[in-house]
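The values are calculated or read from the model by the stated rules, or taken from the named source; none is laboratory data. Fair warning: this is a prediction, and the values are worked out from it, not measured in the lab. Glycine also receives a Cβ, built like all others from the backbone with ideal geometry; neighbour counts cover every protein chain displayed. To get the accessible areas, we keep the full protein, side chains included, count just its heavy atoms, and leave off ligands, DNA and RNA. Shrake-Rupley method; radii C 1.70, N 1.55, O 1.52, S 1.80 Å.
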Amino acid sequence: MPTETASQAVTDDRPVAQPGSLERGIDILLALGAASHPVSLSQLCRATGLPKSTAHRILGVLCSRELARRVGNGYLPGELLETMAGITRLRVPGTRKVVLPYLLYLYETTRQTVNLAVPSGLEARYVERLYGHNRVDSRSDGMDRAPLHCTATGKALLAFDSSLHQALLARGSFEQMTRRTITTLTGLERELAQVRRQGVAYSQEEFTEGVSCVAAPVFGPGGRICMSLGVAAPAGSTPLAKLGISVRGAAQAISSALLSA
């Protein structure tokens, strides 16, 4: 018995092993997975307790393996990690059963492609899409993501999400996708101000030639925007103002349903 006690004492006195690179990497991935906007290196260090040099080194490895990605001055989960984790879910847990009936109704009403988007870095990520037989082809097909500045769903997110808005402005440049794409800060700010006044966003062949879109913000618990609802149609085929009424009404109905839920 004395021998066992001494042995136990020696074991208890041993220093606690420091977390290895794998554990530190997991801590970073968990912190990234909890974020809807790019997380800066300083924020990651505060969340994980890691020194900046260590966090920066691990992030370099994670980015090279597509488990993380650099967005402006921050980081988000990478494409590979999102695919492995199936991160196409809505940002508000348990909302799919609430949202889907309104998406189906909007499709039946418009007979056009219906999109539901959430922010993912500086892009809009489509988490639900309803197509008809006469679907309109878009650049986002197959990727299920698109830039914020030249899409209706992206503009709706930008107009009502101040942190997302600031993150995009920090980038300082806007890629021109078509001849109609807004590429100046002044032009984009004017557009977003109009979205805030009207409660609906438009994109007229700004992302894809021949495609026009209308979108409206969806607000979750606490009154914060959590997603945007959009409809894409062939340019010139449908009066956008009329389509905007349907989209805005559906988005408001979803917001009310989320609040009740």
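So the values come out like this:
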read-out	value
Residue 201 over 18 Å from residue 158 (Cβ atoms) and either of a type in the set (A, V, I, L, M) or surrounded by fewer than 13 Cβ atoms within 10 Å (Cβ to Cβ) (or both)	no
Residue list for the stretch 158-211, restricted to those being aliphatic (A, V, I, L, M), out of contact with any Lys or Arg (no Cβ under 6 Å at 6 or more places or on another chain) and closer than 17 Å to residue 119 by Cα	158, 164, 167, 168, 169, 170, 192
Options 170, 159: the member that is over 20 Å from residue 100 (Cα atoms), open to solvent by 40 Å² or more (accessible area, probe 1.4 Å) and of a type in the set (A, V, I, L, M, F, W, C)	170
Single residue of the stretch 87-143 satisfying the filter (more than 24 Å from residue 29 (Cβ to Cβ), among the polar types (S, T, N, Q) and surrounded by fewer than 17 Cβ atoms within 10 Å (Cβ to Cβ)) that is modelled with the highest pLDDT	109
Pair list, Cβ < 6 Å and 6+ apart or interchain, from the stretch 172-191 residues that are hydroxyl-bearing (Ser, Thr, Tyr) to residues that are part of a loop (DSSP other than H, G, I, E, B) and surrounded by fewer than 15 Cβ atoms within 10 Å (Cβ to Cβ)	178/209; 183/176
Per-region count, the stretch 110-145, residues in contact (Cβ under 8 Å) with a residue 12 or more places away in the chain and in a loop (DSSP other than H, G, I, E, B)	14
The stretch 29-74, residues that are under 23 Å from the mean Cα position of the chain (by Cα), outside any helix (DSSP H, G or I) and among the small types (Gly, Ala, Ser)	34, 35, 36, 40, 68, 72, 74
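Yes/no matrix, rows are residues, columns are (1) surrounded by fewer than 20 Cβ atoms within 10 Å (Cβ to Cβ); (2) touching a residue at least 12 places away in the same chain (Cβ under 8 Å); (3) aromatic (Phe, Trp, Tyr):
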| residue | (1), (2), (3) |
| --- | --- |
| 205 | yes, yes, no |
| 210 | yes, yes, no |
| 220 | yes, yes, no |
| 236 | yes, yes, no |
| 239 | yes, no, no |
| 247 | no, yes, no |
| 250 | no, yes, no |
| 259 | yes, yes, no |
